[in-house]
Amino acid sequence: MVGVLLIRLPDEDIRRLEALAARTGKSKTFYVREAVRAYLADVEERYWADGVIDRWEASDQVSRPAVVLWAGCDA
């Protein structure tokens, strides 16, 4: 299934998309789709990381420096 989304972009962004599409032979839609995918992946990862930090801070676990943990792996 494919949905349709109407977005408004500043003229400068439209000009840049048109120039890029003309230069590469790919469509403006291709670049917008790729940009949305990359942005969503980044935002989703940040929210995931925030959740990990929140869970860690809410736990009773004690943090230790990585050097201490790595030293235990050498044995």
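A compact table of results
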item	result
Considering residues of region 1-27 that are within 23 Å of the chain's Cα centre (by Cα) and among the β-branched types (Val, Ile, Thr) only, the residue modelled with the lowest pLDDT	Val2
Unmet requirement for Val67, which otherwise passes all of (1) within 22 Å of Ile7 (Cα to Cα); (2) exposed (fewer than 10 other Cβ atoms within 10 Å of the Cβ)	(1)
Region 28-55 residues that are at pLDDT 95 or above, paired with ones that are among the small types (Gly, Ala, Ser) (beta carbon under 7 Å, 6 or more apart)	Lys28/Ala21; Tyr31/Ala21
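A quick yes/no check of all residues on (1) exposed (fewer than 10 other Cβ atoms within 10 Å of the Cβ); (2) hydrophobic (A, V, I, L, M, F, W, C):
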{"position": "Ile7", "(1), (2)": "yes, yes"}
{"position": "Asp13", "(1), (2)": "no, no"}
{"position": "Arg23", "(1), (2)": "yes, no"}
{"position": "Phe30", "(1), (2)": "no, yes"}
{"position": "Ala35", "(1), (2)": "no, yes"}
{"position": "Leu40", "(1), (2)": "no, yes"}
{"position": "Gly72", "(1), (2)": "yes, no"}
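The values are calculated or read from the model by the stated rules, or taken from the named source; none is laboratory data. Because the structure is a prediction, the values reported are computed rather than measured. Glycine also receives a Cβ, built like all others from the backbone with ideal geometry; neighbour counts cover every protein chain displayed.
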